[in-house]
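First up is the structure itself, then whatever we jot down about it.
The values are calculated or read from the model by the stated rules, or taken from the named source; none is laboratory data. Since we're looking at a predicted model, the values are computed, not measured. Neighbour counts are summed over all protein chains in view; Cβ atoms, including those assigned to glycine, are modelled from backbone coordinates with ideal geometry.
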Amino acid sequence: MLKEIYTAAMGMIPQQTKLEVTANNIANANTTGYKREAVFERNLIDAKQNLNNVPGDVEQDDPPMGTYVDFSSGSFNQTDNPLDLAIENQNGFFVLQDEAGNSFYSKAGHFKLSTDGTVQAMDGKYLMGLNGYLSISNEFMKNESGVNNSNAMNLRIAENGDVFINDLNIGTIQIAVTDNLESLKKVSDTSFVTGEGALLNNLPQEEVVLRQGWLENSNVDVIKEMVSMIELQRAYEAGSKVIHANNETLEKSISLGRYY
């Protein structure tokens, strides 16, 4: 009977994790550049050994599950904002750096211009060019009267990543590409870092395809995620009922076997 309770509990743990992952996907359905996560069950042999009480180190592998990222492309949305960018290369990522010099990779192409003229992501990380930070001189942001006004400049980003201010080339956006997307580790809703054995190279400029004034939306299908959540909740509730029924039976068995 304890095994029945254990089996039901082992079935509920993956369902709980799937519910949490699904809820996070739904919460980020409108997050630019978000890549949905999913759960898969692994180490099934270890789980079976654990169920049969086989001596060993199988306990450390509970629960038998893991998550992975779906890197399929989301739909593109036109914004006409000159600092909104979308990468058509599925394996390509924007390269970002924080103030400590740590590198991050992202599909989120919603950028802003800081007060010092550097191009930054919404969380403050710097957008990297082939020769370092992309920075726009304040001189370009002054109108004919000498007053700072970002509307005074004409910002144009070519399909190959070249950045032009008033037809002057100020740099080229760095796009990193990898053949092994599974080697990237997710550290936030839209940012990744390199995992063990990961190798990212700069995508040759002639192969870069950028869309200025567009954003890549999340690849989450809200309807599918909602249907999945309903199914998961029902499965979780079924496991809970199994544990409750076995627990009541166990209590009755203990009561019947008790000496007074």
What number of residues within the range 73-114 are without any contact (Cβ under 8 Å) to a residue 60 or more places away in the chain and charged (D, E, K, R)? 3
Looking across the range 207-236 at residues that are surrounded by 16 or more Cβ atoms within 10 Å (Cβ to Cβ) and within 15 Å of residue 25 (Cβ to Cβ), the single one that is modelled with the lowest pLDDT is 232
Quick check on my filter: what residues within the range 202-219 are more than 20 Å from the chain's Cα centre (by Cα) and not acidic (Asp, Glu)? 202, 203, 204, 205, 208, 209, 210, 211, 212, 213
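Yes/no per residue for (1) modelled with pLDDT of 90 or more; (2) in a loop (DSSP other than H, G, I, E, B); (3) on the phi > 0 side of the Ramachandran plot; (4) outside the structural domain of residue 210 (by TED's automatic domain parsing):
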| residue | (1), (2), (3), (4) |
| --- | --- |
| 63 | no, yes, no, yes |
| 66 | no, no, no, yes |
| 80 | yes, yes, yes, no |
| 85 | yes, no, no, no |
| 90 | no, yes, no, no |
| 95 | yes, no, no, no |
| 101 | yes, yes, yes, no |
| 116 | no, yes, no, no |
| 123 | yes, yes, no, no |
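Could you list, in sequence order, all residues of the range 103-114 that are assigned to a strand (DSSP E or B) and either hydroxyl-bearing (Ser, Thr, Tyr) or closer than 19 Å to residue 204 by Cβ (or both)?
Narrowing the range 103-114 to residues assigned to a strand (DSSP E or B): 103-106, 110-113.
Once the filter is applied, which keeps residues that are assigned to a strand (DSSP E or B) and either hydroxyl-bearing (Ser, Thr, Tyr) or closer than 19 Å to residue 204 by Cβ (or both), the range 103-114 yields 103, 105, 106.
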Close pairs (9 angstrom Cβ cut-off, 6 or more residues apart or separate chains): outside the structural domain of residue 32 (by TED's automatic domain parsing) and within 16 Å of residue 183 (Cβ to Cβ) in the range 196-214, among the polar types (S, T, N, Q) and part of a helix (DSSP H, G or I) anywhere: 196/183; 197/183; 198/183; 199/183; 200/183
Okay, strands (runs of 3 or more DSSP E) sitting entirely in the range 148-216 with 3 or more residues that are not aromatic (Phe, Trp, Tyr), I get 155-157, 162-165, 168-172, 175-177, 184-186, 191-194, 210-212
